[in-house]
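All remarks here apply to the structure that follows.
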Amino acid sequence: MINIPKGTKDVLPSQSHKWQFIEDCARSTARVYGLREIRTPVFEHTELFRRGVGETTDVVNKEMYTFEDKGGRSMTLKPEGTAGAARLFIENGLASSPMPVKTFYITPAFRYERPQAGRLREFHQFGIEVFGSASCRTDAEVIFAASAFLKSLKVGTRLELNSIGCKTCRAEYNRALKEYFAPHLSEMCDACRSRYEKNPLRMLDCKEEGCKKFTSGAPAITDYLCGECFAHFEGVKKLLNENAVEFTVNPRIVRGLDYYSRTVFEFVSDQIGAQGTVCGGGRYDGLLEELGANPLPAIGFAAGIERLMLLMENSGCPFPEPEKPRIYIAGMDENTRFEAFKITQELRTKGIYAETDLMERSVKAQFKYADKLGAEYVAVIGQTELSDGAVNVKKMSDGTQSSVKITEIYTYLSKNQ
Ligand code: HAM
């Protein structure tokens with residue numbers, strides 16, 4: 001027996017309606033926010049993530065599924081959607097479209113992490129990426145979209161917001177961080193010592209307990225924002241306040257990916273254990289330039305579908321029931337089973353979810369099975385019904401029966417919604 005790889009999950013027929021519900025909510029949100037779907041390959045050149053996501057991140061350093069293809073090229077399964085979306089934008093010349101370019105995706109992503117509740121090696125994201133606008137209204141719009149999506153799932157989360165500034169203010173902040181961390185460096189992990197040299201901000205994201213006790217007292221980035229970044233952040237906060245989106249500013253949020261600048265945010269829950277961030281995002285005004293294109297501001301987020309599912313299950317959010325057959329057409333014997341089959345196919349061509357016997361069951365067993373499926377109506381076709389051209393249609397919820405012409409079953413079902 002070959003088992004499923006560690007950190008991956010099957011979606012069973014009894015569970016897929018939950019996935020469809022979350023994806024439908026994602027698509028509905030995307031529709032009203034004017035976001036158009038994009039699809040990028042599952043694998044990309046490794047260089048894209050090295051340059052895009054950043055050499056000092058855990059994602060690039062430890063977690064990528066990288067392999068050499070038969071042509072000797074280094075390829076990586078996408079660990080997230082933003083770098084691929086930016087590549088798509090550049091490569092397809094979308095910079096010449098009217099701005100902003102508003103996109104979304106639903107994609108699998110792959111990270112070689114230690115699996116636990118809400119942390120998988122293959123997971124799925126609903127993400128949005130908006131290219132071309134530096135306005136704080138775009139930040140607010142993207143956050144509203146995330147909030148509206150989460151509301152449509154009826155999950156409760158809290159929004160934590162921060163600004164990590166631009167290159168200018170971050171240089172000063174990095175200096176302050178270096179000054180703060182210098183005396184503790186010998187007690188911190190190897191990765192932090194290397195981050196200290198390359199990207200001190202990333203030290204705030206360290207998950208090692210031994211390092212966390214130092215990071216908690218580090219200076220706050222919000223005290224080092226330059227005038228423009230400060231004004232931008234004030235603008236975002238004002239828009240959120242004015243539109244009744246609750247948030248708290250958490251200066252410790254730096255996000256695990258290097259491309260961010262200015263606004264960053266996370267929607268967090270306490271109900272799903274240690275991996276409580278169900279949705280995270282922010283601005284990445286420097287990414288397109290980093291990937292070789294003209295500079296262009298952009299912002300987005302991604303929500304983890306498995307984490308949302310876990311949150312919905314843990315907090316008892318209702319998933320809509322999977323669709324039930326409107327009618328089950330049973331056949332009494334060999335001959336009438338063929339008739340039942342024909343009628344069923346006809347109803348399906350008219351858009352009715354109908355079922356019939358495929359297992360040579362007795363009429364009694366067919367009734368039982370129809371009940372198990374939750375069919376709304378059952379009709380039994382015997383020789384008499386065939387020669388009369390009419391059947392008794394039984395409503396399963398109250399047992400009432402109506403005689404209906406075989407040719408009028410569709411009309412009957414349409415009238416009795
Ligand atoms: P991220 O915070 O790395 O951001 O991931 C976004 C979401 O994906 C997380 O909040 C979480 O719900 C889910 N997620 C991440 N890793 C795992 C995992 N191993 N197992 C299950 N779920 C996971 C990004 O990926 C950015 N690309 C988001 C973004 C878009 N920023 C700007 N645009």
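Residues in segment 223-235: is at least one of a type in the set (Ser, Thr, Tyr), without any contact (Cβ under 8 Å) to a residue 40 or more places away in the chain and not in a strand (DSSP E or B)?
The answer is no, given that none of the residues of segment 223-235 is of a type in the set (Ser, Thr, Tyr), without any contact (Cβ under 8 Å) to a residue 40 or more places away in the chain and not in a strand (DSSP E or B).
Quick one: Arg326 ticks every box in (1) surrounded by fewer than 17 Cβ atoms within 10 Å (Cβ to Cβ); (2) touching a helix residue (DSSP H, G or I) at 6+ places or on another chain (Cβ under 9 Å) except a single one, so which number is it?
It fails just one condition, (1).
Let's see how each residue does on (1) closer than 14 Å to Ala298 by Cα; (2) away from the ligand (no atom under 15 Å from the Cβ); (3) more than 20 Å from the chain's Cα centre (by Cα):
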| position | (1), (2), (3) |
| --- | --- |
| His45 | no, yes, yes |
| Leu48 | no, no, yes |
| Val53 | no, no, no |
| Met64 | no, no, no |
| Thr76 | no, no, yes |
| Glu80 | no, no, no |
| Gly84 | yes, no, no |
| Ile90 | yes, yes, yes |
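The rows are residues; the columns are (1) aliphatic (A, V, I, L, M); (2) modelled with pLDDT of 95 or more; (3) more than 30 Å from Leu373 (Cα to Cα).
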{"site": "Ser16", "(1), (2), (3)": "no, yes, no"}
{"site": "Ser28", "(1), (2), (3)": "no, yes, no"}
{"site": "Val42", "(1), (2), (3)": "yes, yes, yes"}
{"site": "Arg50", "(1), (2), (3)": "no, yes, yes"}
{"site": "Lys62", "(1), (2), (3)": "no, no, yes"}
{"site": "Phe104", "(1), (2), (3)": "no, yes, yes"}
{"site": "Ala109", "(1), (2), (3)": "yes, yes, yes"}
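Say we look at segment 103-112 and pick out the residues that are under 19 Å from Gln20 (Cα atoms) and surrounded by 16 or more Cβ atoms within 10 Å (Cβ to Cβ); which of these is farthest from the ligand (Cβ to nearest atom)?
Out of the qualifying residues, it is Ile106.
Take residues that are β-branched (Val, Ile, Thr) and under 29 Å from His17 (Cβ atoms) and tell me which of the helices (runs of 4 or more DSSP H) falling wholly in segment 324-416 contain 1 or more. Walk me through how you get there before you give the answer.
Details: elements: 334-349, 363-373, 383-388, 409-415.
Per the criteria, 334-349, 409-415.
Before we move on, is Gly118 crowded, with 19+ Cβ neighbours inside 10 Å and out of contact with any Phe, Trp or Tyr (no Cβ under 8 Å at 6 or more places or on another chain)? Steps first, please.
Numbers: crowded, with 19+ Cβ neighbours inside 10 Å: yes; out of contact with any Phe, Trp or Tyr (no Cβ under 8 Å at 6 or more places or on another chain): yes.
Yes: the conditions hold for Gly118.
Tally up the residues in segment 113-131 that are assigned to a loop (DSSP other than H, G, I, E, B), within 9 Å of the ligand (Cβ to nearest atom) and at negative phi, please. Please lay out each step first, then the result.
In the first step, residues of segment 113-131 are kept if they are assigned to a loop (DSSP other than H, G, I, E, B); the result is 113-115, 117-118, 120-121.
Next, only the ones that are within 9 Å of the ligand (Cβ to nearest atom) stay: 113, 115, 118, 120-121.
Next cut, at negative phi only: 113, 115, 120-121.
So the count comes out to 4.
Can you pull out every residue in segment 1-26 that is under 21 Å from Arg111 (Cα atoms) and either over 17 Å from the mean Cα position of the chain (by Cα) or in a loop (DSSP other than H, G, I, E, B) (or both)?
Applying the first criterion (under 21 Å from Arg111 (Cα atoms)) to segment 1-26 yields 3-11, 19.
Those that are under 21 Å from Arg111 (Cα atoms) and either over 17 Å from the mean Cα position of the chain (by Cα) or in a loop (DSSP other than H, G, I, E, B) (or both): Asn3, Ile4, Pro5, Lys6, Gly7, Thr8, Lys9, Asp10, Val11.
The values are calculated or read from the model by the stated rules, or taken from the named source; none is laboratory data. The structure displayed is predicted, hence computed values, not measured ones. A quick note on method: Cβ atoms are made from the backbone with ideal geometry, for glycine too, and the neighbour counts reach across all protein chains shown.
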